[in-house]
Amino acid sequence: GQDHAVAQSSLEQLIADNPETAHYHYLLAMAASGAGDQGKAKRELQEAHRLDNNHIPSRVALARLALAEQEPEEFDRHLAALIKLAPDIPDVLRLQALAAQRAGNSAEAIGFASRAHAANPSTQTLLELAAYQRAAGQVEASRQLMRQWIEAHPTDIAARLALANQLQMANDLAGAQVQYQAVVKHDPANVIALNNLAWNLRLSEPKQALDYIRQAAQAAPDRPEVLDTLAVIEHLNGEHRVAYRNIERALAGAPDNPSMLYHKAMIGASLGKNEQAVALLEGLLAEDAPVFPERAEAEALLNTLKG
């Protein structure tokens, strides 16, 4: 925020001296957007566009804004102009990929995204291309692409986390662990990687899991999902009292989360708080209650407690 504010004031000075320069208005829009002032960002983009309707970066930003604001005709209008002006630059190729995907043409989307990535290889173009491949059912090609990129850019945390997330969702926990461990090697306080490493190891190596989740809790002491993982792993290590305190802290930040409420019942039951546990579980298993991953475990626990 601070850097963007400094940038804004210098750009405003430049614009006072050169009010007719489209590019300065565009740069001010980017600074305003970075500082969280989306209204000003939009006004400055429109001003840049008014001064020079061939100013490509402004048109690209206005096209993306039109999509975000769900104005497809406006998006198409900007994209048509950009295709006339500069069809082969990476930003315009990326917009063409988006348009193709919206029209249901996966193969074309992959084609444009591949060209954008080849012209300007970056984490952003990589993740977009991989997402289009997955959407088209080319899951293996998508993973292969990400693995090759990571081999060439081993410290790319965002790419590693994206691949790990894919593997985690496909239930390839061993593959995901390799990526999470590599993330922690390069970024020792990465909360997502530490939290997921700990969760994946909670049953097979509870002591090791406890080390990882304590590091995560040190880096992010108030995040409900971290406190939740911490509580479950403390419970699995037999530390029920401190686990109960931490699940209460997690629920303070996410009071309606069904998994966390189940964990509170589970930990509470190990401390003899059976009535409370039964009441929580009955609420979670009511007919109109939301679905959550551990529903079967919650049913089993309720049956045990009711004996």
Item checked: Set 59, 94, 143: member being at pLDDT 95 or above, in contact with a helix residue (DSSP H, G or I) (Cβ under 8 Å, 6 or more places away or on another chain), more than 26 Å from residue 22 (Cα to Cα) and not acidic (Asp, Glu) -> 143
Margin query: I'd like to verify a number: residues in region 279-292 that are open to solvent by less than 30 Å² (accessible area, probe 1.4 Å), under 20 Å from residue 235 (Cβ atoms) and among the aliphatic types (A, V, I, L, M), how many?
Written below: 2
Checklist line | Every residue from region 149-171 that is at pLDDT 95 or above, open to solvent by less than 60 Å² (accessible area, probe 1.4 Å) and more than 26 Å from residue 222 (Cβ to Cβ) | finding: 149, 150, 154, 156, 159, 163, 167
Check: From the list 249, 202, 295, which one is open to solvent by 50 Å² or more (accessible area, probe 1.4 Å), out of contact with any helix residue (DSSP H, G or I) (no Cβ under 6 Å at 6 or more places or on another chain) and of a type in the set (Lys, Arg)?
Finding: 295
Checklist line | Options 254, 209, 231: the member that is buried (at least 20 other Cβ atoms within 10 Å of the Cβ), within 24 Å of the chain's Cα centre (by Cα) and under 28 Å from residue 306 (Cβ atoms) | finding: 231
Note to self: If the requirement is being at pLDDT below 95 and either out of contact with any strand residue (DSSP E or B) (no Cβ under 7 Å at 6 or more places or on another chain) or assigned to a helix (DSSP H, G or I) (or both), which of these qualifies: 228, 211, 288?
What the structure shows: 288
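Starting from residues that are among the charged types (D, E, K, R) and assigned to a helix (DSSP H, G or I), keep the ones in region 247-285 and report whichever is nearest to residue 213 (Cα to Cα).
249
The values are calculated or read from the model by the stated rules, or taken from the named source; none is laboratory data. Model, not experiment: these values are computed from the prediction. Note that each Cβ is placed from the backbone with ideal geometry, even for glycine, and that neighbours are counted across all protein chains shown. Side chains included, ligands, DNA and RNA excluded: accessible areas come from the protein's heavy atoms. Shrake-Rupley method; radii C 1.70, N 1.55, O 1.52, S 1.80 Å.
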